[in-house]
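The values are calculated or read from the model by the stated rules, or taken from the named source; none is laboratory data. What you see is a predicted model, and the numbers here were worked out from it, not measured in a lab. Every residue, glycine among them, receives a Cβ derived from its backbone with ideal geometry; neighbour counts consider all protein chains shown.
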Amino acid sequence: MLPAGSTVYVVDCHSLIFQVFHAIPEMTSPRGEPVNAVFGFTKDLLKLIEDKRPDALICAFDPPGDTFRHELYPVYKGERSETPTELRSQFPKIHQIVEALRIPIISVPKFEADDVLATVARLCDESQVFCRLVTGDKDSRQLITNHVAVYNIRKDHVYDEVALLADWGVRPDQVVDFQSLVGDKIDNIPGVPLIGPKIAKELLDEFGTLDRVLDNADRVKGAKRQQNLKEGRELALISRQLVRLDQYVPVEIDWQAARVGDFDAERLAELCADFGFRSIAERMAALSSGGAADTAPSDWEANYRAIDTPEALAELAKTLAACEVISVDTETTSVNPREAELVGFSFAWAEGEAAYVPVRGPAGDRVLPLADVLAVLGPILEDESIKKIGQNLKYDMIVLRGAGVTMRGLSFDTMIASYLLDAGERTHNLDVLSDRYLGHTTVKISELIGSGKNQKRMDEVPVAQIAEYAAEDADVPLRLWPMLHERLDRDGLLPLSDDLETPLVEVLAEMEWNGVRVDVDRLAELSKQFALRSQELAEQIEEIVGHPFNLASPKQLAEVLFQEIGLKPIKRTKTGPSTDAAVLEELAALHPLPRLIVEHRQYAKLRGTYVDALPQLVNAKTGRVHCSFNQVVAATGRLSCSDPNLQNIPIRTDEGRQIRSAFTAGEAGWKLVAADYSQIELRVLAHFSEDETLCKAFAEGQDIHTLVASQVNGVGLDEVTSEQRRGAKAVNFGIIYGQSPFGLAKTLGIPKEVAAQFIADYFARYPGVMDFMLDTLDTAARQGYVETLLGRRRAIAGVRKPGPPKGALFDDRPQPLQMNLPERTAVNTVIQGTAADLIKLAMLAVSRRLKDEGLRTKLILQIHDELVFDAPEEEVEQLTTLITEEMQGVANLRTPLAVDIGVADNWAEC
DNA sequence: TAAATAGGCTACGTC
DNA sequence: GACGTAGCCTATTTAT
């Protein structure tokens with residue numbers, strides 16, 4: 001037997017083979033034989049070996065011929081169709097692979113592979129060896145214990161006692177009875193009619209076992225169900241025999257042979273060549289040469305405890321108070337921190353040393369009174385000298401503040417560290433980080449609270465179950481910290497983390513806590529107005545079309561426009577002709593309908609997204625809207641905003657702008673103060689380009705679009721036509737957004753050639769801009785990433801290296817006129833990201849000043865280049881100076897930063 | 001068979 | 001270029 005604590009994976013091979021056979025499209029070897037299942041199965045085995053690093057591996061196969069279950073119940077698995085020939089021929093090949101990997105194959109006549117799994121599971125459990133059953137078969141769930149779990153390789157998901165409880169609501173020892181009641185179509189297990197998972201769980205909850213359920217059939221609700229239980233008694237009992245796995249299959253396991261690591265490299269190479277597996281061959285070679293993976297094998301030692309007595313709490317406090325650094329996490333009742341109630345706290349103070357302190361739980365579970373816990377732990381959380389680390393600490397700060405605790409000493413946030421290291425990653429979730437950096441799979445929250453409509457709240461989950469999960473959530477950041485810290489240091493990102501992003505967490509927490517006042521009555525007024533107009537338009541549209549249809553359905557609209565009316569489609573989407581605003585605009589010249597649709601859409605959008613949606617998001621307690629600012633989603637370094645997104649409140653149209661009038665100062669005697677950077681991105685561009693004229697123009701406060709129009713067109717400043725200014729403005733924006741001539745032509749509605757000429761003229765006049773772009777492309781191509789002013793990085797692949805240096809005889813460098821997507825992204829990221837750096841600096845600086853000068857003014861919103869404050873009228877004057885100084889003073893660029901400030905009762909008038 | 005859920009897609013609001 | 005949200009539509013899962 002293996003030593004206690006090792007891990008063995010046992011594979012139910014047929015289950016896996018059938019899965020991959022159906023999932024992978026046809027594939028043939030160089031000799032023309034089908035190999036899709038061989039390919040899929042081999043890849044799965046490799047994945048297990050590479051990712052899971054088991055100490056041992058065993059492959060169980062179903063033997064040919066019938067098993068004891070067929071003798072018991074002749075139609076067992078009767079619904080199964082014959083194995084297709086294209087699959088049958090692949091079995092010998094799979095055996096060859098498994099043999100070459102030197103994994104023991106176990107197949108016992110009369111017993112199914114599942115029974116072998118059951119037997120191995122028992123042996124492991126008896127010897128304290130961890131066992132993972134790799135199968136899609138639900139029968140295996142009856143085998144779950146402390147040491148045994150089911151592993152779903154498709155979903156990379158470990159199904160254990162907790163998962164079972166969340167899923168079926170039963171304990172492992174109830175699985176057999178559960179399945180006997182429910183039955184299984186695929187295996188032709190009869191079960192009892194009218195009893196599904198829901199009812200089975202209820203019955204077992206009430207009566208405990210199948211026998212007792214059957215004996216108490218009289219007491220079951222529902223006449224028909226009662227009858228079925230009585231009549232189906234025998235079938236249920238047979239079902240039970242079919243479902244129950246045999247844990248005593250007569251078989252000797254050669255544990256020594258099962259150990260992973262000894263491969264027949266030569267034979268593997270031969271087989272891969274034979275089957276035409278190129279990528280697999282490489283991985284096999286790496287395995288055989290002992291190529292270690294990036295992450296350590298998971299030997300996760302942890303000592304997690306639940307704190308449920310005052311003595312234990314005191315002990316914990318003593319431990320924590322003596323620490324320089326602790327990791328903190330909270331469990332709550334809601335993802336919205338402003339509505340969340342505390343359910344528990346977790347702390348980690350050394351790797352694997354963590355505790356969970358429950359303050360709420362299901363009736364009967366032992367918890368400590370919140371007030372007592374706060375009295376003991378509050379001072380630690382508020383102690384600046386005890387440094388706090390964690391994952392997404394902004395959330396915990398807001399929750400704690402709701403409980404009257406100001407968390408201080410924030411020093412490291414793993415989510416932000418991960419973002420700084422790789423801003424392009426899709427998520428920076430703790431479970432992903434744990435997997436990526438520690439090679440450890442964490443308990444998933446869905447295993448605790450489930451998902452979908454019967455998702456539970458955290459306070460409804462038994463404390464014992466949460467403790468493990470919660471303690472881990474504090475432990476993992478603590479373990480990630482040194483690794484992430486070192487990587488940040490290596491990339492020169494520590495100052496950005498320590499001096500900008502981490503302190504910013506507190507500012508964002510403050511902003512979210514503050515929220516913005518929304519005038520619900522005003523919105524209701526607008527809603528009525530918009531609804532009326534919307535209704536009128538809908539009626540006119542129906543009149544023209546002749547029948548009602550869903551105006552919000554692009555599909556139905558396309559049908560009406562292009563089939564019924566017979567207009568010509570302008571462009572296509574993936575699924576049919578496009579009906580977007582640009583298309584409708586063009587069609588408006590030919591028919592009255594498109595114009596009406598555009599207008600109707602505008603009102604529908606305003607109503608659906610803002611006017612009717614906003615009131616629902618007003619917090620009942622505060623009467624304000626508290627959106628969430630996300631610090632780790634925008635790859636450029638910008639913030640993003642959600643629930644609701646207050647960074648896209650309309651401003652361009654009159655109708656839309658009215659919505660801003662519903663955003664008001666918090667109370668009488670207060671004002672909204674909006675301060676925005678004027679042309680910050682163009683100033684950043686001027687800075688990087690080092691173009692003297694541009695910088696000088698900004699220094700003198702000239703209108704930059706007029707200036708560019710005058711210079712590019714070679715006319716005097718006062719001769720610039722509005723048309724020329726519009727063109728120059730579009731080019732300026734095009735540069736920032738990395739727009740192509742095609743895009744510019746579209747926005748301006750001019751021919752592509754004219755747009756291209758426009759841009760060429762621009763670059764001729766501002767060679768510094770061109771040089772900046774070429775430098776950026778060169779950097780991106782060379783090092784695979786670009787950097788902002790403060791050294792923020794974004795990895796970008798696919799940038800081509802610009803040609804010979806400037807001044808070479810044949811200057812055929814790729815022109816910024818023809819950049820591909822990665823190239824445009826690279827240029828845009830430097831500009832947009834630098835602007836993001838600057839306003840983040842401004843937020844920190846302004847917040848500090850507000851605090852230092854003891855003002856009551858509250859920062860409430862950030863919209864990329866704008867900060868909005870809620871301020872007492874008497875502070876406005878002082879505030880205006882303060883904001884201007886701090887916002888302008890954040891950096892010393894070649895261009896000065898200019899700030900415009902508006903003061904009013906509502907946002908529209910700012 | 002109907003209802004619930006998930007995910008893709010189109011469209012559109014901001015900077 | 002960077003985002004988030006709404007609504008429709010379809011496919012898939014689940015409940016009865």
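Quick look at the numbers
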quantity: Count of residues meeting criterion [β-branched (V, I, T), within 12 Å of DNA strand C (Cβ to nearest atom) and part of a loop (DSSP other than H, G, I, E, B)] in the stretch A:580-633; calculated: 2
quantity: Members of the stretch A:185-215 that are at pLDDT below 75 and more than 18 Å from A:K230 (Cβ to Cβ); calculated: A:K185, A:I186, A:D187, A:N188, A:I189
quantity: Selection count where residues are closer than 23 Å to A:D499 by Cα, assigned to a loop (DSSP other than H, G, I, E, B) and not charged (D, E, K, R), scope the stretch A:365-414; calculated: 7
quantity: All positions within the stretch A:649-675 that are within 23 Å of A:V846 (Cβ to Cβ) and within 13 Å of DNA strand B (Cβ to nearest atom); calculated: A:I649, A:I651, A:R660, A:F663, A:A674, A:A675
quantity: Subset of the stretch A:136-156 (residues that are touching a residue at least 40 places away in the same chain (Cβ under 8 Å) and either closer than 20 Å to A:R171 by Cβ or surrounded by 24 or more Cβ atoms within 10 Å (Cβ to Cβ) (or both)); calculated: A:D137, A:K138, A:D139, A:S140, A:Q142, A:L143, A:Y151
quantity: Number of the exception - A:A558 against (1) within 16 Å of DNA strand B (Cβ to nearest atom); (2) under 30 Å from A:D837 (Cα atoms); (3) not polar (S, T, N, Q); calculated: (2)
quantity: Residue match in the stretch A:368-383 (condition: among the β-branched types (V, I, T) and either out of contact with any Leu (no Cβ under 9 Å at 6 or more places or on another chain) or outside the structural domain of A:I466 (by the TED database) (or both)); calculated: no
quantity: Verdict on A:T881 being outside any strand (DSSP E or B), free of Cβ contacts under 8 Å to residues at least 40 places away in the same chain and hydroxyl-bearing (S, T, Y); calculated: yes
quantity: Sole residue being more than 16 Å from DNA strand B (Cβ to nearest atom), more than 20 Å from A:R338 (Cα to Cα) and surrounded by fewer than 22 Cβ atoms within 10 Å (Cβ to Cβ), chosen from A:S385, A:S418; calculated: A:S385
quantity: Every residue from the stretch A:543-577 that is within 20 Å of A:G608 (Cβ to Cβ) and either part of a helix (DSSP H, G or I) or touching a residue at least 40 places away in the same chain (Cβ under 8 Å) (or both); calculated: A:L551, A:A552, A:P554, A:K555, A:Q556, A:L557
quantity: Options A:T653, A:T636: the member that is surrounded by fewer than 23 Cβ atoms within 10 Å (Cβ to Cβ), of a type outside the set (K, R) and away from DNA strand C (no atom under 13 Å from the Cβ); calculated: A:T653
quantity: Residue that is over 30 Å from A:G191 (Cα atoms), touching a residue at least 12 places away in the same chain (Cβ under 8 Å) and charged (D, E, K, R), where the choices are A:D62, A:D51; calculated: A:D51
quantity: Qualifying residue in the stretch A:666-684 (condition: away from DNA strand C (no atom under 16 Å from the Cβ), in a helix (DSSP H, G or I) and over 30 Å from A:D771 (Cβ atoms)); calculated: no
quantity: Tally of residues being touching a helix residue (DSSP H, G or I) at 6+ places or on another chain (Cβ under 6 Å) and either free of Cβ contacts under 8 Å to residues at least 60 places away in the same chain or part of a helix (DSSP H, G or I) (or both) across the stretch A:685-703; calculated: 8
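To keep it simple, each residue is scored yes or no on (1) at pLDDT 95 or above; (2) in contact with a strand residue (DSSP E or B) (Cβ under 8 Å, 6 or more places away or on another chain); (3) not assigned by the TED database to the domain that holds A:A464.
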position	(1), (2), (3)
A:A314	yes, no, no
A:L320	yes, yes, no
A:V328	yes, yes, no
A:E331	yes, yes, no
A:V335	no, no, no
A:L342	yes, yes, no
